[in-house]
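Nothing in this text is a laboratory measurement; each read-out follows from the coordinates by a stated rule. Just so it is clear, the structure is predicted and the values come from calculations on it, not from any experiment.
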Amino acid sequence: MVPSPLTSFCDGCTLKICSVYGCAQDRLRDVGIREGAHVEMLKNSDELIVRIESCRIGLRRDMAADVLAVPVSP
């Protein structure tokens, strides 16, 4: 499956991060959004909120567009 930006996934999807790039890549990796991490999309609207382990992280849409992921099969 071809990786897509986080902004393209719907609420409730479980995703595996494939790559992180852009000017905020170090900041994103510092909070756990890194290659191989599994995240759950909690909210994808004006605000984008993901869960990584037990943490909820809000992202700006431009930062989330720099994170490529694929869905994880249940």
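When the distances between all Cα atoms of the chain are binned every 10 Å from zero, what whole-number percent does each bin get? All Cα pairs considered, the percentages come to 22, 63, 14, 0. Potential lengthening of the chain between VAL70 and CYS18 amounts to 18.0 nm, from the contour at 0.36 nm per residue minus the alpha-carbon distance.
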